Amino acid sequence: MKSISAYAIPVIILVVLIAGMYKGVKVYDIFIEGAKEGLTTVIRILPSLVGLLVAVSVFRASGALDLIIYAFKPLATALSIPPDALPLAFLRPISGSASLAMVSDIIKTHGPDSFVGRVVSTMMGSTETIFYTLTVYFGAVGIKNIRYTLAAALIADFASVIASVWACRLFFGG
Amino acid sequence: MLNYIWFGMIVIGFAVGMMNGRIEEVSQAVIDSASTAVELCIGLLGVMCLWTGLMAVAEKSGLVKALAKIVRPALKFLFPDIPKDHPALGAIVLNMVANFFGLGNAATPLGIKAMTELQKLNPDKNTATNAMSMFLVLNTAAIQLIPVTIIAVRTAAGSKGPADIIGTIWMASSCATAAGIITAKILAVGKRRLR
């Protein structure tokens, strides 16, 4: 199964280049021209990314995130989210690398094939790092008013947390 | 909105850090994260150029347009405001494909390319359009064919069935996607009425 991902990139590149040649596109010249666009875009993202990462790291290092998790414990119990999985539900939308570290830690403590282990694996795999995605994508084009985007993304994230617990119960029992 | 969230996270963070006696850690985190942002950007720079370059070739050859044609009905429902044959649709499709195959390195540059195209259709350059919001929501709940990273973590931890969670991940991310699409659609309509 892993080989699909390994083949995907060469196949995509080959298809693009062969289709370009076939249609008489000067593939190298156009490639260089397009690649320049990537350079300016990344530079445009940097300021937003610095802003985001600073805020997230302050929030985490200070223990403010732990406070929120503590406050939400009763709600998690009511929704039958395993208490050990709760911190991840909050960390997942904020920081991808930190949540991956947390998942590894939970899996090491409880075992990868335990109920909690499977729930956190599912949560990790079923959503993206919302804050990072919003920052990079909106930052790249200079949007300041994001309207309802964050609200909709957080609702989708909440749905994935509930669905992760529910799907694991359905598939594996427990 | 972002202004308040950003301000709130930093002020609350500093306040809690002072009360916790963790102000040293907080100071260190500020400096470290600023450099991390630069490292992330440098890491992104090469692949970004690679994929925007390839996208330019794919666009010139008409490949992007052909691809967008195949999934037109779904795109029409999700992005009613984008005119057909607009390059934004092609970039959106390629971003979805890259996400589906777990090609994070390709998905981000293609997604940014899609945003750039969507921005061209935007009458108010500071404010997100409905199409942008929908696109972002789809990206935050991206459905992945094979969640490679998490399977690797589970394998490393000695799991008997590291790929067992593929089914539950598909289910959970489908739920997330559905919830996101419905919410975005409802909020888009709500906003239009207010205008």
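The values are calculated or read from the model by the stated rules, or taken from the named source; none is laboratory data. These numbers come from a predicted model, not from an experiment. Methodologically, a virtual Cβ is constructed for each residue, glycine included, from the backbone with ideal geometry; neighbour enumeration extends over all protein chains shown. Just so you know, the surface numbers come from the protein's heavy atoms only, side chains and all, with ligands and any DNA or RNA stripped out. Shrake-Rupley method; radii C 1.70, N 1.55, O 1.52, S 1.80 Å.
In Å, what Kirkwood hydrodynamic radius results for the protein assembly as shown from the alpha-carbon pair distances?
It is 21.4 Å.
Quick one: grab the alpha carbon gyration tensor of the range A:2-93, order the square roots of its eigenvalues as a ≥ b ≥ c, and give me rounded if a/c is under 1.5, else prolate or oblate depending on whether a/b is larger than b/c.
Cα axes put the range A:2-93 in the oblate bin.
Which positions within the range B:47-85 get 50 Å² or more of their accessible surface covered by the other protein chains, compared to the chain by itself, with a 1.4 angstrom probe?
Residues passing the criterion (a loss of at least 50 Å², heavy atoms only) are B:49, B:51, B:54, B:57, B:60, B:61, B:63.
Tally up the carbon and sulfur contribution to the accessible surface of the protein assembly as shown as a whole percent, 1.4 Å probe, everything protein left in place.
With neighbouring chains kept in place, the figure for the protein assembly as shown is 69 percent.
Residues of B:174-187, mean number of Cβ from any other protein chain within 10 Å of their own Cβ, rounded to a whole number?
What the average comes to for B:174-187 is 6.
I want the local charge near residue B:137. Using Cβ-Cβ distances under 14 Å, sum +1 for each Lys or Arg and -1 for each Asp or Glu among the other residues.
With Lys, Arg at +1 and Asp, Glu at -1, the net is 0.
With a cut-off of 8 Å between alpha carbons and a minimum separation of six or more residues, what is the relative contact order of chain A in percent?
Once divided by the residue count of chain A, the mean separation gives 22 percent.
What residues qualify as long-range amide H neighbours of residue A:145, i.e. H under 5 Å apart, gap of 5 or more or another chain, H built at 1.01 Å from N?
B:127, B:128
To the nearest 500 deg cm²/dmol, what mean residue ellipticity at 222 nm is calculated for chain B from DSSP H runs of n ≥ 4 alone, each contributing -39,500 (n - 2.57), summed and divided by the residues?
Using -39500 (n - 2.57) per qualifying helix, the result is -26000 deg cm²/dmol.
Give me a single rounded figure for B:143-151: the average over its residues of other chain Cβ atoms within 10 Å of their Cβ.
5
Roll a 1.4 Å probe over the protein chains and send me the accessible area per residue for the range A:37-174 in Å².
On a per-residue basis, 38 Å².
When Cβ neighbours within 10 Å are restricted to other protein chains, what is their mean count per residue of peptide B:113-126?
3
For chain B, what is the accessible area per residue in Å² when the probe is 1.4 Å?
48 Å²
Any idea what angle helix A:130-141 forms with the longest principal axis of chain A, computed on alpha-carbon atoms, 0 to 90 degrees, nearest 10?
That helix lies at roughly 30 degrees to the long axis.
Shape of the range B:1-86 from its Cα gyration tensor (a ≥ b ≥ c, root eigenvalues): rounded if a/c is under 1.5, otherwise prolate when a/b > b/c, or oblate?
It is oblate, given that a/c is not under 1.5 and a/b is not larger than b/c.
Shape verdict for the range A:44-172, please, from the Cα gyration tensor: rounded (a/c under 1.5), prolate (a/b greater than b/c) or oblate.
Because a/c hits 1.5 or more and a/b exceeds b/c, the range A:44-172 counts as prolate.
So how far, in whole Å, is the C-alpha centre of the range B:54-93 from the one of the range A:74-90?
Using only Cα atoms, the two centres lie 40 Å from each other.
As I understand it, the value is the acute angle between the Cα axis of helix B:166-194 and the longest principal axis of the Cα atoms of chain B; what does it come to in degrees, rounded to 10?
For helix B:166-194, the angle is close to 70 degrees.
For the Cα atoms of chain A, what angle does the longest principal axis make with the long axis of helix A:2-22, in degrees from 0 to 90, nearest 10?
Once rounded, one gets 20 degrees.
May I ask you to find the residues of the range A:145-159 that are shielded by at least 10 Å² of accessible area once the whole protein assembly is considered instead of their isolated chain (probe 1.4 Å)?
Buried on complex formation: A:145, A:146, A:147, A:148, A:149, A:150, A:151, A:152, A:153, A:155, A:156, A:159.
What does the charge dipole of the range A:44-172 about its Cα centre add up to, to the nearest 20 debye, if the Cβ of each Lys and Arg holds +1 and the Cβ of each Asp and Glu holds -1?
That gives a dipole near 260 debye.
Filter the trypsin sites (Lys or Arg not before Pro) in the range B:105-167 to those in DSSP coil with at most 11 other Cβ atoms within 10 Å of their Cβ, and list the result.
Those satisfying the criteria are B:125, B:160.
Could you state how much accessible area is buried at the A-B interface, both sides summed, with a 1.4 Å probe, in Å² to the nearest 100?
Protein heavy atoms only, the A-B interface buries about 8000 Å².
Taking amide H positions as placed 1.01 Å from N in the peptide plane, with prolines and chain starts having none, which residues 5 or more places from residue B:142, or on another chain, fall under 5 Å of its amide H?
Close amide H contacts, sequence-distant or interchain: A:128.
Please list 3J(HN,Hα) in residue order for the range B:28-44, calculated via the Karplus relation 6.51 cos²θ - 1.76 cosθ + 1.60 where θ = phi - 60°; whole Hz, with x for glycine and proline.
4, 4, 4, 5, 4, 5, 5, 6, 4, 4, 5, 4, 4, 5, 5, x, 7
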